[in-house]
Every structure is written in C-alpha cells, then in structure tokens.
Amino acid sequence: MPILLVINQTEPIVTFALLLAVILIVPLCFERIKLPGLLGLLAAGVVLGQNGLNLLSTDSETMKLLSDIGLVYLMFVAGLEVDIEQFQHTRNRSIGFGFFTFIVPMIVGTIVGRMFGFGWNASILIGSLFASHTLLAYPIVSRMGLVNNEAVMVTIGATIFTDIGALLVLAVCVGIHAGNFTTFSLIRLLLSLAIYSAIILFGFSWLGKEFFRRSGSEEGNQFLFILLVVFVSALGAELIGVEKIVGAFLAGLAVNSAIGDGPVKEKVVFVGSVLFIPIFFVDLGLLINIPAFISSLGAIKVTIAVVLGLVGSKFGAALLAKLAYRYSWREMIVMWSLSLPQVAATLAATLVGYRVGLLTEDILNSVIVLMLVTATGGPLLTARSAIGLTVPETIASSAPGSSGAFALDLSEEPEAEPVVVVPVYNPDTEQYLIELAALLVKPHPGGRVMPLAITNPHTQMMDAPQLRHALQRSQRLLNRASEICEQFGVASDPILRIDDAIAQGISHASREQNASFIVLGWGRTSGFRARAFGNLIDSVLWAAHCPVAVSRLLAAPSTIRRILVPIENMTQDALRSVRFAEALADTNQAQITLLHVADRHLSPVRLAWLENQLDLLVHKYSSNRTFDLRVVRNDDIPGTIAETARAHDLVVLRSRRQRLSLGELTISNVTEQVTRQLTCSVVLLGEPQRSMVMMQSGGTTQPVPLR
C-alpha cells in the first residue's frame, strides 16, 4: 500500500486507473444491496481519501482537472436535458411556479443562513442552494404516462427558471466575495453577465445550427464542436468573473435545439455520464472530512435546519401554485415531490461556494445529507402520489377507433396503403424478415413490401470488379425477396442502392418511398463499442421517420400463434406495440397476452389502479379482440417476462432510449437480461424520434419493458 501511494503521487495514470475501477465496480455493488450508485461513489471518495486509505487526494493536479471537467459536464448535461419545447407549452404557468419554487426556498434558506451566523452574502448563497431542483423522478411520471399532465409539465418547465436563477445568484455572490464590493462593480458584473448570456444563448445557438447543417452526418466533428462550445463557454464565464458552471449550463441551453435528441447528444451525454461526472462525485467524497462530518451530525441543528427548511419551503411553493392555478391536492403533492431532489445544480454550487470560502464544512456536509434525503425521498413520494393523476384525452384522438386494427397506420399519412421497407443483406435471415413484412401488409390489397439492398462501393471507381460482384450479390437477394413476396400474394418493389453509409441509405430510401414501417434484422446492441459509437440499428432508429421493427426471428412468422406484449402504462407508444401485435395476430389468428409486472410490495390500492389503467387501454383504445390480460407482482422483471414467454412464440417489446438521471450513473442491463433469457422470437418496436419519450441510458437502444 505505501508503494502504491508513492507511485500514485508521481504517476497520474495510476490515479486515473483507480478512478476507472471505482466507477465500474462500486456503483454496481451498491445497487446490488438496493442503495443508490451515487452513494457508492461518495463512499468510495471517503474511503480512498485522506481519512481512509489516502490513495487519492483532491489537491492533486490530475484529480483537480478530472473533477473540474466533471463539474462542468454535470451542469452542461443539466442544461442539455431541459425540454425547451415542453416549457413553451406551459410557459406562463411554468414561470409562475418557477418563481414560487425559487423565491420561497430562497427566502427560507437565507433565514437559515442568518440564524447560524452567516453574513448576508453567504446566507443568500445558501438560499440559492434551496432554490434549484433536479428532476430525478421524471422517469417515474414518464413510465406512468403522466408527462402530459399540466402540473407535471409546469414543474418540468420551472426547472429552467430555478436553475438559471440559482446560478445567477451564485455568480453574483462569488463575484461580491472575490473583491472590494461597490455598486459600480455589481452593475458591471450584472451587465457583463447579461451580455455574456446573450452571446452564449443566441450566438452559440445560431452557430450550432449552422455547423450541424453544414457538417451533415459527420458525427465526430459535431461531437468535438459540442465539447468546444462547453469549455469555451466555461472559460468565457471565468473571464467575466463568474463561475464556469454558469457558462456550462448556458451552453447546454444554447445547443439544446441544435443538437436535438440525435446520436451526437447520446454520445456527448454518454461520455460525461460514465466517466467525468462520476469522477466529480468521487472528488466530492474526498472533500468529506469524517471527523468534521460526525461532529456536525452531533451538533445536528444545522443539518436539521437545512433539510426541514428545504422540504418546508418547497411544500410552500407548491401550495402557492395550487392556490394560484387551482390544482388538486394530488397534483400539488406531485409538484412538491418533483421539485424536492437537490443534486446537480445544488451540489455544483455548494462545491463552488465551499472552494471560494463562502460556505463552511458544516454547510457542505449538511447539503450532502440533504442530497441523500431528497434524492431518495422525492422519487418515492412521487411514485406514491402520482397514482390517480389524469392526463388530457390525447390518445383517443390519435389512436384508431375501437373497431379499427393496427393497419400500419403509424406513418404521417395513415390513410395511404402501407409500404414496408426491408433491408436485406444476410441470406440466412432474409426469408423470415420478408415473410414478417408480407404478413403485415397482406390484409391491405394496395400494400407493398420494398426489399432494399444497399451496396457499399468501398471505392470511387464505379466500374471496379468488387463493386460489380457486390451488386450481383445484392440483386440475387432482391430476386429471392420478390419470390417470397409472390408466395404470400403480396406486391413487391425491390430497390438496389449504392451508398457509403448503410444506415443513412436505409433512412433516406424509407423517407423517399414514404414507408409506413421498416423491418430490420437483429443486430449487436450491447458492448462498449456499440454504446460509445452506436451501431446500424441505433442510427436507423435515430433517423427514421416511421416505426422500426428490429426482429430476431427464430421460426417462420407464419407459424406464430401466441404473442406476448409486456406493457407498462396507457400511452400512445404502448398502444403501438399492442396494435403491431394485433396486425400480426389478425393474419395468423394468434392469441395475444398483455403482461404487466408490478412491484412485489405494491399496495392493493395502486395495484387496482394499474389494473384499471390496463383495462382502459384494452377496451377503450384497442380493437374488440379478446386479450389475455395478466398483472404479476414480482421484483424480477426480466425473469418474469422470460418465464411467461416460455409459453409464447413471439415477444413484442418497445425499443427506446433511457434518460440517465443525474442521480443514477450506471447503465441499466434490464434489456440485456431479458433478451438473454428469451428462447422465442423477439420484435423490438422502435418509434420515430419525433414521438419517442427519450429516456437516456448509456447510448445503446434498449427496450424497457417494465420498470
């Protein structure tokens, strides 16, 4: 151990290797014992720091660099994840609730600071720590299909107001603390901040859109451009005398619309979420002085005041919103619980305040306790209080009538006859893919299957022998596909295309033919390379204008008689999975089983609510087909799905990306577990990007059956 310590002090690569091991192993171990992975990172910092094994030091140059990058990245991702479009839908009320949930905690936090002897500047900074919030419980309301509830949308939109406000207060407080304060210096700081913010928000937004438009599909250059914007913005903030995290957050807001929800955003968030942001939390653990932490808990008044002040002030803000906008008590509780968690902006601002000497160790330790309490209690409260919330009747207007079938009506022109594009490359899987497409369009006399063969030239010479051989191979695949379609009595329209980018060729051809559906063969969707750099399926899902069925077919689709559809809530996306199963079942006269896996400890009240939601889904928004509806209480979601699937021929799962919350830094392996255990055919139904609820995980496309 002493030898390792000496080497670590002289060799930065040892520090980096140690951090990688911590990030990889510790969160997984904590999650196995049902504790947040974030808590594990903090604990690892404590154990490896000066009060433990003393293997890592927060004062080392390597640690400072990596932690600062993580801090900047944390705030950039927070800005990047803000849903500007959703904010526009409820702008006025979002600003109103944002003001309530900013000013009330701000006042209470300032009072707490003054109660314990802090000066006005430090007390106002403590108040700003109370003012922001992190939407850790967003995945919960999304899974329950409640994102369109107005109270939920207002709370999500208010995040923009609270985070910007808290960071601006931080910038002013740190600026005042840095030197001789005068009215002129304050005005100059505010004016500089206003000009700087305008340059970042409008200048970089325009520049980002122009760069993305001109760079086309060059994802590597786009990735580097985004990183450059982040760190230039952070540097610019420091040049005008404010903290770099303010610039990073504004940079996230600025490139939000330019980057969209495409693969570049996925890669940017992935790199930060699996590497730099976890290092920041480890460094935060290094700052925890165990003796001081224990003594501050012994004199627990500060910690209690901070926790109760935050919880009470957020409740008061939600109550004001209820009275102002006439929300129900249940909606008020949901708004309160959503605005409780204090993670991203709160921790970042606390660390900045501590480093410049505005905040003491007692406040730092109290904020860490606050983070653990609110990050755990907030989502739990949301899960319980959101039961019974209603959403506008938007599904009914977009779903087909109760007597209508799936009819491949997910394209932009549902009244048109269906066109299914099937990329063909592997002769071993071509038969089943074309057969699946033929079964989907068979009930529609005007429907067509369009086999698509894309040949990569690998050369600029169009008369090269290797290109000629590749084209001949592609033509043979298309001829075989046409024969299969003829066997099923379905019209085919083969397409032969030369393109350097296979995924781009698929998405472009599908758009040109106004395809209703794309049927893809199963590909590699796991592993580090696929997570970091994406794969063909990821790229098609990001770019496709229509639904995509990623299929692993172990038997002929015409032999399918029993179909299993795991379903989690009453949303339009869930309805598409059911209607896809219906389209296949109508052709094969198959039986459909709908499965919902509920928490083993779920209360009878909530279980009844879930069963009622599923019943509404089946009888109100789907056809008159008889479904086998099953609700199973079990904590092992993958195992339950796999066990139920043993009696079925096909499992239809929704394929979507998970949003990585800032309080959860590990990549979910639910999908990998499910697909590894399934012994029957699988279809992952992916939605076009414009209609997907984006829930980011690690960068690979994952069906999230139930969670």
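The values are calculated or read from the model by the stated rules, or taken from the named source; none is laboratory data. Only a predicted model underlies this, so the values are computations on that prediction, with no experimental measurement involved. Here Cβ is always computed from backbone atoms with ideal geometry, including for glycine, and neighbour counts include all displayed protein chains. With ligands, DNA and RNA removed, areas are computed over all heavy atoms of the protein, side chains included. Shrake-Rupley method; radii C 1.70, N 1.55, O 1.52, S 1.80 Å.
Can you tell me which residue is least open to solvent (accessible area, probe 1.4 Å) among those in the stretch 307-345 that are more than 17 Å from A166 (Cβ to Cβ) and part of a loop (DSSP other than H, G, I, E, B)?
Looking at the filtered set, the residue picked out is Y327.
What number of residues in the stretch 199-232 are free of Cβ contacts under 8 Å to residues at least 40 places away in the same chain, within 24 Å of the chain's Cα centre (by Cα) and assigned to a helix (DSSP H, G or I)?
6
Give just the number: which of (1) crowded, with 21+ Cβ neighbours inside 10 Å; (2) of a type outside the set (D, E); (3) at pLDDT 65 or above does C680 not satisfy?
Status for C680: all satisfied but (1).
Could you list, in sequence order, all residues of the stretch 21-33 that are among the aliphatic types (A, V, I, L, M) and either open to solvent by 70 Å² or more (accessible area, probe 1.4 Å) or over 19 Å from L284 (Cα atoms) (or both)? First the steps, then the outcome.
First pass over the stretch 21-33, keeping only residues among the aliphatic types (A, V, I, L, M): 21-26, 28, 33.
Once the filter is applied, which keeps residues that are among the aliphatic types (A, V, I, L, M) and either open to solvent by 70 Å² or more (accessible area, probe 1.4 Å) or over 19 Å from L284 (Cα atoms) (or both), the stretch 21-33 yields L24, I25, L28, I33.
Please state which one of A78, A17, A44 is at pLDDT 85 or above, under 30 Å from the mean Cα position of the chain (by Cα), open to solvent by less than 20 Å² (accessible area, probe 1.4 Å) and within 22 Å of S273 (Cβ to Cβ).
None of the other options fit; the residue is A44.
For (1) in contact with a helix residue (DSSP H, G or I) (Cβ under 7 Å, 6 or more places away or on another chain); (2) hydroxyl-bearing (S, T, Y); (3) farther than 22 Å from I95 by Cβ, each residue gets a yes or a no:
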site: V307; (1), (2), (3): yes, no, yes
site: L340; (1), (2), (3): yes, no, no
site: A345; (1), (2), (3): yes, no, no
site: R355; (1), (2), (3): no, no, yes
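Determine, yes or no, whether L253 is part of a helix (DSSP H, G or I), open to solvent by 30 Å² or more (accessible area, probe 1.4 Å) and among the aliphatic types (A, V, I, L, M). It would help to see each step written out before you state the result.
On the way: part of a helix (DSSP H, G or I): yes; open to solvent by 30 Å² or more (accessible area, probe 1.4 Å): no; among the aliphatic types (A, V, I, L, M): yes.
Here the answer is no, as L253 does not meet what is asked.
For (1) surrounded by 22 or more Cβ atoms within 10 Å (Cβ to Cβ); (2) touching a Cys at 6+ places or on another chain (Cβ under 8 Å); (3) under 30 Å from T559 (Cα atoms); (4) at pLDDT below 90, each residue gets a yes or a no:
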site	(1), (2), (3), (4)
M461	no, no, no, yes
R468	no, no, no, yes
Q487	no, no, yes, yes
V490	yes, no, yes, yes
I498	no, no, no, yes
G505	no, no, no, yes
N514	no, no, yes, yes
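Checking L55 against (1) more than 12 Å from P278 (Cβ to Cβ); (2) part of a helix (DSSP H, G or I); (3) open to solvent by less than 50 Å² (accessible area, probe 1.4 Å); (4) not basic (K, R), only one condition comes out false. Which one?
(2) is the only condition that L55 fails.
In the stretch 233-250, which residue that is open to solvent by 20 Å² or more (accessible area, probe 1.4 Å) and part of a helix (DSSP H, G or I) is nearest to I164 (Cα to Cα)? Write out each step before concluding.
Looking only at the stretch 233-250, we keep the residues that are open to solvent by 20 Å² or more (accessible area, probe 1.4 Å), and these are 235, 238-241, 243-244.
Keeping just the survivors that are part of a helix (DSSP H, G or I) gives 235, 238-239, 244.
Numbers: L235: 18, E238: 17, L239: 19, K244: 13 Å.
The extreme case among them is K244.
Mind listing whichever residues of the stretch 346-375 are surrounded by 24 or more Cβ atoms within 10 Å (Cβ to Cβ), closer than 23 Å to K64 by Cα and of a type in the set (V, I, T)?
T346, T350, I363, V367
Residues being at pLDDT 85 or above and not in a strand (DSSP E or B): count how many of those fall in the stretch 563-579.
As a first pass, look at the stretch 563-579 and keep what is at pLDDT 85 or above: 563-566.
Those still in the list that are not in a strand (DSSP E or B) too: none.
Within the stretch 563-579, residues that are at pLDDT 85 or above and not in a strand (DSSP E or B) number 0.
Evaluate the stretch 161-176: report whether one residue or more is within 20 Å of V311 (Cα to Cα), at pLDDT 75 or above and surrounded by fewer than 23 Cβ atoms within 10 Å (Cβ to Cβ). Walk me through it before giving the result.
Pass one, the stretch 161-176, residues within 20 Å of V311 (Cα to Cα): 161-163, 165-166.
Cutting the leftovers down to at pLDDT 75 or above gives us 161-163, 165-166.
Next cut, surrounded by fewer than 23 Cβ atoms within 10 Å (Cβ to Cβ) only: 161, 165.
Checking the stretch 161-176: at least one residue is within 20 Å of V311 (Cα to Cα), at pLDDT 75 or above and surrounded by fewer than 23 Cβ atoms within 10 Å (Cβ to Cβ).
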